[in-house]
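The values are calculated or read from the model by the stated rules, or taken from the named source; none is laboratory data. Bear in mind the structure is a predicted one, so any value in this text is a computation, not a measurement. In this analysis, Cβ positions are derived from the backbone assuming ideal geometry, glycine residues included, and neighbour counts consider all displayed protein chains.
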Amino acid sequence: MKTILKGFHVAINQFTSIHIGLLHNGKSGFIVKFTDSCAYEIDPENQDDWNKLCGQSWGFFPLIKQYRMHYNSSRFGWRYNTTTDCIEVAAYYYVNGQRFYENDPSKILSIPRDTEKGGFNEVYLGIIPLVSSQSVIYTYCFDFKIDSFGIEFNGNGIQKLSQHNQNIPNVNGFSAIIYFGGQDKAPHTIKIGIKIV
């Protein structure tokens, strides 16, 4: 469980990690569980701002511009919708230093509350680089299980959140860390369960 303390942007118990394309072809999967603490209200002008959730950069060398997290990366953002009482997740990405968000409502995943277990429904978020076509696909799936053989999906809830043209210099890189904001800092302590798979 990652913890963002009240008044901070970054979770106190997280670290970035390196992913090596030779081991998994650049694919990244994240299982995310938003707790009840992820429901928040901030300045109405900023309520619709996206918080950073997870993702990856394309390349190992942060001192080289093309390999920085804010130059070439594929990521997910999240926010709390006070009207629907749902967590929303969308794709965003940096291409040659320019940031893009998927703000089309059909490309925004709405995660309802889990009335049996508390918090919000658990989701799987995946990044799949298609290096030959220089594209990345984002998917999610509500209905999955994990065992010693990996992740198994039953096909319910799979949706493509984004496919974009991106010059991927290298399928190696760094995983992105959780960051609250936007401009606002966490209005109270927020806990998010996240596991890289």
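Couple of notes before you dig in:
Okay, residues lined up against (1) surrounded by fewer than 18 Cβ atoms within 10 Å (Cβ to Cβ); (2) β-branched (Val, Ile, Thr); (3) at pLDDT 75 or above; (4) not in a strand (DSSP E or B):
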site: Phe174; (1), (2), (3), (4): no, no, yes, no
site: Ile177; (1), (2), (3), (4): no, yes, yes, yes
site: Gln183; (1), (2), (3), (4): yes, no, yes, yes
site: His188; (1), (2), (3), (4): yes, no, yes, yes
site: Lys191; (1), (2), (3), (4): yes, no, yes, no
site: Lys195; (1), (2), (3), (4): yes, no, yes, no
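- Boolean, Ser74 is under 24 Å from Ile168 (Cβ atoms) and modelled with pLDDT of 85 or more: yes
- Residues in segment 114-134 that are farther than 19 Å from Asp48 by Cβ and in contact (Cβ under 8 Å) with a residue 60 or more places away in the chain: Gly118, Gly119, Glu122, Val123, Tyr124, Leu125, Gly126, Ile127, Ile128, Pro129, Val131.
- Against the list (1) modelled with pLDDT of 85 or more; (2) assigned to a loop (DSSP other than H, G, I, E, B), the condition Thr3 fails is (2).
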